[in-house]
Amino acid sequence: MLQELLEPTPLPPSVRKNRIAIGSEAYNEVLNFLYDEAEMLDNLRLGEWAELLTKDLEYNAPLRHTRSTAHFAQTYSRNVQHLHENYGSMMMRVKRITDTKSAWGEDPPSRVKRMVSNVRVYTTDKPNELKVDSYLLVTRSRFDFDYFDLIPCERHDILRREGDSLMLARREILLDQVVIGTPNLGIIL
Amino acid sequence: MTESTNPRLSDGTLLSDLINLETREVKMRTLSDPELYELEMERIFAKTWVFLGHETEIPNKGDFVVRDMGSDSVLMARGSDDNIYVSLNVCPHRGMKISTHDVGNTPVHVCIYHGWAFKPNGDFIGAPVDKECMHGNLLTKEQLGLKKARVAIYGGLVFATWNIDGPSFDDFLGDAKWYFDTLWCRTNKGMEVLGPPQRFTIRANWKTACEQSASDGFHVLTLHRWLSEVGPYRKPGSEGGGGDLTPEMYGSEVYTAHAHTMRCIELDRKIRRLTGKEPSELSVKEKLEALPPPGITPAMLPEMMERFSEDQLKLMTWRPPQVGNFFPNGLFEFVYIPTPDGVIGVMALHAYVPKGPDKLEFVNWILAEKDTPPELKAQMLRLGVQLLGTSGMVEQDDSDTWPHQTLAAKGAVSKNITLKYQAMYENAKPEGWPGPGDVGDGFTKDDTQWRWWQYWHELMTAKN
Ligand code: FES
Ligand SMILES: [Fe+2]
C-alpha cells in the first residue's frame, strides 16, 4: 500500500519498434527542447524553465545500491529517493532560489554544464506524449575549487504536446553513483 | 572518572593546546588535522557506541547491510536466530572485504578472494579444500571468525561498539534515555524506515557536521533564513514576517554527560494557533489531540499515552525534543512542519560517517511509526525528502558550509583561530521542567555544542 503511494507511475517501456527516426522533424523538436532546457537551467533562467512543466509533473531520482549482477534490476529504490517531486514542490525549489536572498546552497550559484547525449525518442500509447531517453553529464563547479563535481545520469522523460509546445510531464533520473559525489542536489537535473 | 593522558602531535602540540576549557574555545586545526583524525578513529569511534542503522532495514534472516563504524567497514546482519550481529567486514584470511554489496540476503558470506565462508553472525564456517586444511591448524575455527562488535538495539536503532567490556549502552545514553524514549518508543509496534538511506559525500571534516548536530540553534536564523522568506515558516503579518526566525528558537536545550543533546522547541504558539485557546488551559490530552507528535494520529494517542509517565507527556506537549544528536555522529529530527494541509511531522535520522580528515559521508534515513497510516507516511516522506538529505532545501545549505570550515582549518594562520562557544545559559531548568540532564531555558545558546567538545576532549585524553 505504502509502496503504491510512493512509487511513481511506471514509465512506458522503450521499445525499438516505437523509435522515432534520428534526424526526423519530431526528433529534432525533442532535441531542441532538451538543449533549450539545458541552456535555461545552466543560465539560471529558472522561471522560464518552470513554464515548461505540466501541472501533473512527476520528477524523481531513485536511490541505487551496489548489488550483484544477478540483482541488477533490484539496484533501484523508488520509495525513498534523492528527489521525489511534484509540480508544487518543484515550484517551491524554484521559488527558494528566485524569490529569496538566502538560498545559500546555490548562492553564489555553481557554474554548471548540462551535456545531453544519446537521445532516443519513442512514441507512446498516448498520441500527444513522447518518451525520451537521454544521457546527461553534469559538470558542477563551486566557488574557486579546482575540481568539478561530475553528476553522470540517465534520464527517462515524458514530453507532452500542449498547444504548439512540448512540456515536461515526467522525469526519472537514474544517477550512476550510489553515494552522490556532490554536497547536495541543489541544482536541477 | 577515567584516567587521562594528553596526546602529543608530531609537531609537539599537545591535545590540551587545541581546546581551552575555561574560555570555551577550540582551535580550528581540529577540523582538518590528519593525526588528530587517526586518534579520533581509535579513541572515539573504536571505543564508544556508534549508530549504524535501523533493525527494519534487515527484517529477514540473512538480510544484511554494509555500514561504517568510523573508518572501519562493518557487516550488519540478521542471523539465523533472528538476532542482529555486527562484524568487521574484513576477511581474517588476507583482509579482503567480505561483502562488496551495499545490501542483500544470504545465509553464507563467501569471501570472493579464496572462498572462506562465514555465517551472518560472523562465525567461520570453513575454507575450501577442507581436506587439505586450507585454514591451517594453528588457530581453531572459533578463532577464525569475523571480529564481532557488541550490539545494542534501542527503539529499533542499531548501535555497536568495539569496546567489548566497556560501559553499557544504558550508561552511554544516560540522562538522554528519558527524553529519547519519547521519540523512539512511542508505540507498541515501533518505527520503521521508509526505505534505504540516501547517501552523499561532502568534502568536510566529520566534526563540522557533528558539532552542528549537537543542537546548534543560531545557524538556523541566518543559514536557513529562507524558511521564513518563502518556506514553511513564512508568517503573514508581524510575527516573524520578513525572514525573522527568532520566534522559533525559544524553548529549552538539554545536554547530557555523554554529549547527547536536544533542542526542545516550544509548541505553545502552534497549539494556540490550532485551537484558539491558551495552552495552559488545555489538558495534556487536549493538547495531544490538537497537535499529536510526528507520525501519530489521534487514533494512536490512547496507546501512546499509556506508555509514558505524566512528566514525559508534559514534555511532549510543552517542549518536545525536535532536533538533537547522539554522540559522536548521529543526528535526529522530529519536526512539526506547517503545511497548507495542517502540521505534518517529519522524522529523519542522519549518520555523518568520517571518510578521512576532510571527507564525510552523509547518510539520511526517513522513518515513521509502523502504525502510521500509509497516506500520512507518504506525506511525511515527501516532505522529508524535500527539506532534508541529498536534495533537501534546508540541508543543502548546511552541506555547503562545512567544506569552507574544513579548508580554513588548514591555513597557517587560520588553523589557530578558535571556534567559540561562549553564549552561555545563565539560568538552569525552567520552572516545572520534568526531565533530567543539564537544561538551559530561553533562547538557543552554545552550551549543547560545548558539551559535545567537552566529551570529545574527555574521550581523546582518556587513558584506554
Ligand atoms: S582473503 Fe578472504 S578468503 Fe582469502
Ligand atoms: Fe542546519
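A few comments on the model shown:
- Put simply, of B:A160, B:A204 the only residue that is open to solvent by less than 10 Å² (accessible area, probe 1.4 Å), within 30 Å of A:Y76 (Cβ to Cβ) and in a loop (DSSP other than H, G, I, E, B) is B:A204.
- Checking B:E248 against (1) under 18 Å from B:P320 (Cα atoms); (2) at pLDDT 95 or above; (3) open to solvent by less than 40 Å² (accessible area, probe 1.4 Å), the condition it does not meet: (2)
- Residues located in the range B:88-107, provided they are within 15 Å of ligand 1 (Cβ to nearest atom) and outside any loop (DSSP other than H, G, I, E, B): B:L88
- Screening the range B:88-107 for residues that are touching a Lys or Arg at 6+ places or on another chain (Cβ under 9 Å) and open to solvent by less than 10 Å² (accessible area, probe 1.4 Å) and picking the one that is farthest from the other protein chains (Cβ to nearest Cβ) gives B:C91.
- Members of the range B:71-87 that are surrounded by fewer than 19 Cβ atoms within 10 Å (Cβ to Cβ), away from chain A (no Cβ under 14 Å) and either in contact (Cβ under 8 Å) with a residue 24 or more places away in the chain or outside any loop (DSSP other than H, G, I, E, B) (or both): B:S71, B:D72, B:G79, B:S80, B:D81, B:N83
- Test result for B:P167, in a loop (DSSP other than H, G, I, E, B), buried (at least 20 other Cβ atoms within 10 Å of the Cβ) and more than 16 Å from ligand 2 (Cβ to nearest atom): no
- Note on the range B:289-314: residues that are surrounded by fewer than 17 Cβ atoms within 10 Å (Cβ to Cβ) and small (G, A, S) total 2.
- Looking at B:T187, B:T222, just one residue is surrounded by fewer than 20 Cβ atoms within 10 Å (Cβ to Cβ), more than 16 Å from ligand 1 (Cβ to nearest atom), among the β-branched types (V, I, T) and under 24 Å from A:I97 (Cα atoms), and that residue is B:T222.
- Residue match in the range B:357-369 (condition: away from chain A (no Cβ under 12 Å), touching a Phe, Trp or Tyr at 6+ places or on another chain (Cβ under 7 Å) and either modelled with pLDDT under 95 or open to solvent by 10 Å² or more (accessible area, probe 1.4 Å) (or both)): yes
- Which numbered condition A:L63 fails, given (1) within 9 Å of chain B (Cβ to nearest Cβ); (2) more than 19 Å from A:R155 (Cβ to Cβ); (3) in contact with a Ser or Thr (Cβ under 8 Å, 6 or more places away or on another chain): (2)
Conditions tested, residue by residue: (1) open to solvent by 70 Å² or more (accessible area, probe 1.4 Å); (2) of a type outside the set (D, E); (3) away from ligand 2 (no atom under 16 Å from the Cβ).
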| position | (1), (2), (3) |
| --- | --- |
| B:S399 | no, yes, no |
| B:Q405 | no, yes, no |
| B:A408 | no, yes, yes |
| B:N416 | yes, yes, yes |
| B:K420 | yes, yes, yes |
| B:E431 | yes, no, yes |
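The values are calculated or read from the model by the stated rules, or taken from the named source; none is laboratory data. The shown structure was predicted, so the numbers you read here are calculated from the model rather than taken from an experiment. For neighbour counting, all protein chains shown are included, and Cβ atoms are generated from backbone atoms with ideal geometry for every residue, glycine included. Calculation scope for accessible area: heavy atoms of the full protein, side chains included, ligands and nucleic acids excluded. Shrake-Rupley method; radii C 1.70, N 1.55, O 1.52, S 1.80 Å.
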